[in-house]
Amino acid sequence: MRLWTLQAPEVVAAVRSDGRYLAEWDRVIVNWRPAFRAMVAEMRGRDIVCDSAPPIWCWPGRALRRNRIRQTANSLLGDDQWAHGIWLLKLDVPDSQTLATSYSRWNDYLGVTMDLLRAKGLSDGPAFAPGAAPMNWGPELENEWDQPQVVIPELRCEWLLTARPYLPDPETAARIAADPLLRAQPQCVRPD
């Protein structure tokens, strides 16, 4: 399956030096972890082994539609991430290593799991039984504005087709240039 993803320079460096990259739980927002763990369990049930790591988010296609990439990037990334550096990776991943779902349903599911945590006064942990937060893990889209998303268990060197720096749009670049804290943020070494 042809996919694309946006990642930090360290991720590209890890794939190139180690042959693979596994995401880390400490990079997942704390009150999102129960939903992410449910996704890992769903992947495990489909024989997609995550090695106890959270999934890596991708989007289907060859990353040829520049507007879609830019829209996705601007929706998901903060100025601090842009200032640090972002890379666009194009992948060819075996279908057996992918889980495609509805982006809309996933966001609704995140909301439900966060509400359940909040109701128990928790920010993480098994605060609810799996049946208390059902999720339709199918690829069907909810409406005409919904988009498919795909998660994979890791990034592997053999799946990587291309990796290139992906620069912020001019408005984001201007915000970064005007913010002394973001300007002072150490830039990562190019992962060659």
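The values are calculated or read from the model by the stated rules, or taken from the named source; none is laboratory data. For clarity, every value in this text was computed on a predicted model and none was experimentally measured. Here the Cβ positions follow ideal geometry from the backbone for every residue, glycine too, while neighbour counts run over all protein chains shown. These area figures cover heavy atoms from the full protein model, side chains too; ligands, DNA and RNA do not enter into them. Shrake-Rupley method; radii C 1.70, N 1.55, O 1.52, S 1.80 Å.
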Which listed residue, of 22, 77, 64, 3, is surrounded by 13 or more Cβ atoms within 10 Å (Cβ to Cβ), more than 30 Å from residue 117 (Cα to Cα) and aliphatic (A, V, I, L, M): 3
Just the residues that are outside any helix (DSSP H, G or I) and at pLDDT below 95, please, taken from the stretch 29-48. 29
List the residue pairs whose Cβ atoms are under 6 Å apart, where the first residue sits in the stretch 66-86 and is over 18 Å from residue 150 (Cβ atoms), the second is in a helix (DSSP H, G or I) and open to solvent by 30 Å² or more (accessible area, probe 1.4 Å), and the two are 6 or more positions apart or on different chains. 79/175
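Kindly establish whether residue 35 is within 20 Å of residue 103 (Cβ to Cβ) and in contact with a helix residue (DSSP H, G or I) (Cβ under 8 Å, 6 or more places away or on another chain). Show your work before the answer.
Numbers: within 20 Å of residue 103 (Cβ to Cβ): yes; in contact with a helix residue (DSSP H, G or I) (Cβ under 8 Å, 6 or more places away or on another chain): yes.
For residue 35, the condition - within 20 Å of residue 103 (Cβ to Cβ) and in contact with a helix residue (DSSP H, G or I) (Cβ under 8 Å, 6 or more places away or on another chain) - is met.
Got at least one residue in the stretch 100-107 being among the charged types (D, E, K, R) and in contact (Cβ under 8 Å) with a residue 60 or more places away in the chain?
Of the stretch 100-107, the ones among the charged types (D, E, K, R) are 105.
From what is left, the residues that are in contact (Cβ under 8 Å) with a residue 60 or more places away in the chain are none.
Among the residues of the stretch 100-107, not one is among the charged types (D, E, K, R) and in contact (Cβ under 8 Å) with a residue 60 or more places away in the chain, which makes the answer no.
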So, of the residues in the stretch 118-157 that are assigned to a helix (DSSP H, G or I) and over 19 Å from the mean Cα position of the chain (by Cα), which turns out to be modelled with the lowest pLDDT? 130
Unmet criterion (only one of (1) more than 30 Å from residue 16 (Cβ to Cβ); (2) surrounded by fewer than 18 Cβ atoms within 10 Å (Cβ to Cβ)) for residue 169: (1)
Single condition residue 90 does not satisfy, out of (1) open to solvent by 40 Å² or more (accessible area, probe 1.4 Å); (2) in a loop (DSSP other than H, G, I, E, B); (3) in contact with a strand residue (DSSP E or B) (Cβ under 9 Å, 6 or more places away or on another chain); (4) modelled with pLDDT of 95 or more: (2)
Six or more apart or on different chains, Cβ under 8 Å: which pairs go from a residue in the stretch 125-140 that's without any contact (Cβ under 8 Å) to a residue 24 or more places away in the chain to one that's of a type in the set (A, V, I, L, M, F, W, C) and surrounded by 11 or more Cβ atoms within 10 Å (Cβ to Cβ)? Could you list them? 132/116
Is there a residue in the stretch 36-48 that is under 15 Å from the mean Cα position of the chain (by Cα), touching a residue at least 24 places away in the same chain (Cβ under 8 Å) and open to solvent by 50 Å² or more (accessible area, probe 1.4 Å)? no
